[in-house]
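Peer 1: Quick one: this structure, given as structure tokens, is what I'll be asking you about.
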Amino acid sequence: MRFLIANARIITDSGLVSTGIIINGESVEEVLYDSSIQPAEIPVIDAEGMIVIPGGIDAHVHLQLPTPAGPSSDDFVSGSKAALKGGTTSLIDFVTPARGESLLTALMARKAQAGCTLTDIALHVGITWWSDEVADQMKQCVEREGIRSFKIYLAYKQTIGLSYRELRQAMIYAASLGTLIMVHAEEGGIIEELQKSYIRQGKTEPLYHMFSRPPETEIEAVRKVISLVRETGCAIYFVHISTSGAAHLIADAKREGLPVMAETCIQYLLLDQQVYFQPFNQSAKYVMSPPLRSRENVKSLWDDLSAGIFDVVSTDHCPFNYFGQKEVGLEDFSKIPNGAGGIEYRLQMLYTYGVMEKRLTLQQWIDLTSLNAARIFELKNKGFIKSGNDADLVIWNISNSETISKKTQSQNCDSNIYEGIRVTGCADVVIRRGEIMVQNRQLKPERSTGNFLNLITSDKS
Ligand code: URP
Ligand code: ZN
């Protein structure tokens, strides 16, 4: 279909500029900077009074993540619906091989699960064990399958986490392949000691999830990984940085010219650790790793974000129901499945508490929610509105104001960690590769599934 978005104000280096955007098939055909030129006889969507932004890219999402308490409660359909409603048109999920399982086998299985996703989707591959065999599988993932990024956990040592020695080997190998390693930077060994010690003392509430993962466990892990970057030259992307202390180490590493990138997540900017001082049925929903931090840290993290230390703001979207999932940890916080949902609120939250509060410019907002992720993870033709790029566009209604509630959410979860928070702005129309997926904030009943991005053997892309 060929159509025009008229009166499309887009964000440029010189501020908001009024344009018309012609969409043809899956791509942007042309951005018309002269509003007197109006192509005749094509359907028009009028964006008067709104702004048009590139579709959001959420670089850190766990849909249907297998855990001992069952899979995270959003599957690829419900989670991607929530993403679209929030203005996110591409997401990147994870392949998490079991120890001993081939990375390629796990990748094929994850692709089969993810084929129903409504946004476009790419995959990061987890390295959950290490051997020469795994190194060879990494190479095949890159060369045969099109994978651009691998994730290593320094937490969860008993199940999927690696040691620093293994991480170092993986980084040396990744540097030789020229591929990116993402690191979940938490000192897993210390955390497990603290967890055991609290449980032994009968301190079993979610509050002790927070106490068992103090800020130093993140800061120290980031410090060690940066040393490994200096030694190996491997490019690193730190996931879900929650402390300003770690952000400052990352800023120093960037100044030094090291290939270091980082994301923080919306929850570390909006919520603080006070939520853990509540009864189990209230606090368990906030159990995530890393945990929420102090109010002072939240304030500093905003300063770090404004200062440009972070490249990306993602969600680490990983919701679990309270009933039947979070509640399995009633007697032991370490059994509570880690994670919470937020994919549908990322753009709204960052617009409201970043742009409206003058902590971020409009340009920073779209860079953090779309462009930088496209660049870092090599999502070709995404993240920027220009002729020839994918027509992933959001018509953003700046006049909207509402209160977040589980009653109106799209994610599949019996709770919402952002309940009661006021937000401004919303995705009125969401276009994914030229197809209108959301109109007047409603998902269109007829719609196609998304493409796999980068994956070479995909029959969908
Ligand atoms: O608590 C979290 N972050 N859950 C999702 C899995 C992970 O650690 O990223
Ligand atoms: Zn995660």
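The values are calculated or read from the model by the stated rules, or taken from the named source; none is laboratory data. Predicted model only: the values in this text are computed from it and were never measured. Here the Cβ positions follow ideal geometry from the backbone for every residue, glycine too, while neighbour counts run over all protein chains shown.
Peer 1: Quick check: anything in the stretch 68-84 within 16 Å of ligand 2 (Cβ to nearest atom), without any contact (Cβ under 8 Å) to a residue 12 or more places away in the chain and under 21 Å from Ala114 (Cα atoms)?
Peer 2: So far as the stretch 68-84 goes, yes, one or more of its residues are within 16 Å of ligand 2 (Cβ to nearest atom), without any contact (Cβ under 8 Å) to a residue 12 or more places away in the chain and under 21 Å from Ala114 (Cα atoms).
For (1) closer than 29 Å to Asp136 by Cβ; (2) in contact with a Gly (Cβ under 9 Å, 6 or more places away or on another chain); (3) of a type in the set (Asp, Glu); (4) modelled with pLDDT of 95 or more, each residue gets a yes or a no:
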{"residue": "Gly161", "(1), (2), (3), (4)": "yes, yes, no, yes"}
{"residue": "Glu166", "(1), (2), (3), (4)": "yes, no, yes, yes"}
{"residue": "His184", "(1), (2), (3), (4)": "yes, yes, no, yes"}
{"residue": "Ser197", "(1), (2), (3), (4)": "no, no, no, yes"}
{"residue": "Leu207", "(1), (2), (3), (4)": "no, no, no, yes"}
{"residue": "Phe211", "(1), (2), (3), (4)": "no, no, no, yes"}
{"residue": "Pro214", "(1), (2), (3), (4)": "no, no, no, yes"}
{"residue": "Ile219", "(1), (2), (3), (4)": "no, yes, no, yes"}
{"residue": "Val225", "(1), (2), (3), (4)": "yes, no, no, yes"}
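Peer 1: Identify all residues within the stretch 131-189 that are of a type in the set (Ser, Thr, Tyr) and either over 27 Å from Thr243 (Cβ atoms) or touching a helix residue (DSSP H, G or I) at 6+ places or on another chain (Cβ under 7 Å) (or both); write none if there are none.
Peer 2: Answer for the stretch 131-189, where residues must be of a type in the set (Ser, Thr, Tyr) and either over 27 Å from Thr243 (Cβ atoms) or touching a helix residue (DSSP H, G or I) at 6+ places or on another chain (Cβ under 7 Å) (or both): Ser131, Tyr156, Tyr164, Tyr173, Ser176, Thr179.
Peer 1: So how many residues does the stretch 152-183 have that are of a type in the set (Val, Ile, Thr), part of a loop (DSSP other than H, G, I, E, B) and either within 16 Å of ligand 1 (Cβ to nearest atom) or touching a residue at least 60 places away in the same chain (Cβ under 8 Å) (or both)?
Peer 2: So the answer is 2.
Peer 1: With the condition kept exactly as written, say whether any residue in the stretch 39-47 is within 16 Å of ligand 1 (Cβ to nearest atom) and at negative phi.
Peer 2: No, the stretch 39-47 contains no residue that is within 16 Å of ligand 1 (Cβ to nearest atom) and at negative phi.
Peer 1: Mind checking which strands (runs of 3 or more DSSP E) fall wholly inside the stretch 25-113 and carry at least 2 residues that are out of contact with any Leu (no Cβ under 9 Å at 6 or more places or on another chain)?
Peer 2: 27-32
Peer 1: Of everything in the stretch 336-373, what is assigned to a helix (DSSP H, G or I), in contact with a helix residue (DSSP H, G or I) (Cβ under 8 Å, 6 or more places away or on another chain) and not basic (Lys, Arg)? Give them in sequence order.
Peer 2: Across the stretch 336-373, the qualifying residues are Leu347, Met349, Leu350, Tyr351, Tyr353, Gly354, Val355, Leu362, Gln364, Trp365, Leu368, Thr369.
Peer 1: In the list Arg375, Arg359, which residue meets the criterion of being of a type outside the set (S, T, N, Q), surrounded by fewer than 19 Cβ atoms within 10 Å (Cβ to Cβ) and closer than 22 Å to Trp302 by Cα?
Peer 2: Criteria check complete, one pass: Arg359.
Peer 1: What's the number of the only condition in (1) within 16 Å of ligand 1 (Cβ to nearest atom); (2) closer than 28 Å to Ile172 by Cβ that Cys234 fails to meet?
Peer 2: Condition (1) is where Cys234 drops out.
Peer 1: Taking the residues in the stretch 304-339 that are under 22 Å from Gln158 (Cβ atoms) and within 18 Å of the chain's Cα centre (by Cα) as candidates, determine which candidate is nearest to ligand 2 (Cβ to nearest atom).
Peer 2: Asp316
Peer 1: May I pose another question? Checking the condition surrounded by fewer than 21 Cβ atoms within 10 Å (Cβ to Cβ), in contact (Cβ under 8 Å) with a residue 40 or more places away in the chain and among the acidic types (Asp, Glu), which residue from Glu26, Glu41 passes?
Peer 2: Answer to the selection: Glu26.
Peer 1: Give all pairs with beta carbons closer than 6 Å in which a residue from the stretch 384-401 that is charged (D, E, K, R) meets a residue that is surrounded by fewer than 19 Cβ atoms within 10 Å (Cβ to Cβ); count only pairs at least 6 apart in sequence or on separate chains.
Peer 2: Going by the 6 Å Cβ cut-off, the qualifying pairs are Asp390/Asn381.
Peer 1: Mind checking which residues of the stretch 266-293 are charged (D, E, K, R) and surrounded by fewer than 22 Cβ atoms within 10 Å (Cβ to Cβ)?
Peer 2: Of everything in the stretch 266-293, just one residue is charged (D, E, K, R) and surrounded by fewer than 22 Cβ atoms within 10 Å (Cβ to Cβ), namely Asp272.
Peer 1: For a quick check of your reading of the model, give me the residue pairs whose first member lies in the stretch 330-341 and is aromatic (Phe, Trp, Tyr), whose second is within 16 Å of ligand 2 (Cβ to nearest atom) and not in a helix (DSSP H, G or I), with beta-carbon atoms closer than 8 Å and at least 6 apart or on different chains.
Peer 2: Phe333/Val287
Peer 1: Ok, one more. For the stretch 196-210, give me each residue that is surrounded by 19 or more Cβ atoms within 10 Å (Cβ to Cβ) and either of a type in the set (D, E, K, R) or in a helix (DSSP H, G or I) (or both).
Peer 2: Listed by number, the residues that qualify are Tyr198, Glu205, Leu207, Tyr208, His209, Met210.
Peer 1: Select, from Gly420, Gly383, Gly388, the only residue that is at pLDDT 95 or above and surrounded by 15 or more Cβ atoms within 10 Å (Cβ to Cβ).
Peer 2: Gly383
Peer 1: So how many residues does the stretch 13-23 have that are under 16 Å from Val394 (Cβ atoms) and either over 28 Å from the mean Cα position of the chain (by Cα) or surrounded by 13 or more Cβ atoms within 10 Å (Cβ to Cβ) (or both)?
Peer 2: Within the stretch 13-23, residues that are under 16 Å from Val394 (Cβ atoms) and either over 28 Å from the mean Cα position of the chain (by Cα) or surrounded by 13 or more Cβ atoms within 10 Å (Cβ to Cβ) (or both) number 3.
Residues are listed down the side, and each one gets a yes or a no for (1) modelled with pLDDT of 95 or more; (2) among the small types (Gly, Ala, Ser); (3) closer than 21 Å to Phe377 by Cα; (4) surrounded by fewer than 21 Cβ atoms within 10 Å (Cβ to Cβ):
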| residue | (1), (2), (3), (4) |
| --- | --- |
| Ile53 | yes, no, yes, no |
| Pro66 | yes, no, no, yes |
| Phe76 | yes, no, yes, no |
| Gly79 | yes, yes, yes, no |
| Lys85 | yes, no, no, no |
| Thr89 | yes, no, yes, no |
| Ala109 | yes, yes, no, yes |
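Peer 1: Looking at the stretch 237-271, which of its residues are within 16 Å of ligand 1 (Cβ to nearest atom) and among the acidic types (Asp, Glu)?
Peer 2: Once the filter is applied, which keeps residues that are within 16 Å of ligand 1 (Cβ to nearest atom) and among the acidic types (Asp, Glu), the stretch 237-271 yields only Glu263.
Peer 1: Output the number of the condition that Lys285 fails; it satisfies all remaining conditions of (1) within 14 Å of ligand 1 (Cβ to nearest atom); (2) under 18 Å from Asp304 (Cα atoms).
Peer 2: (2)
Peer 1: Answer yes or no: is there a residue in the stretch 273-287 that is closer than 15 Å to His184 by Cα, out of contact with any Lys or Arg (no Cβ under 6 Å at 6 or more places or on another chain) and of a type in the set (Phe, Trp, Tyr).
Peer 2: no
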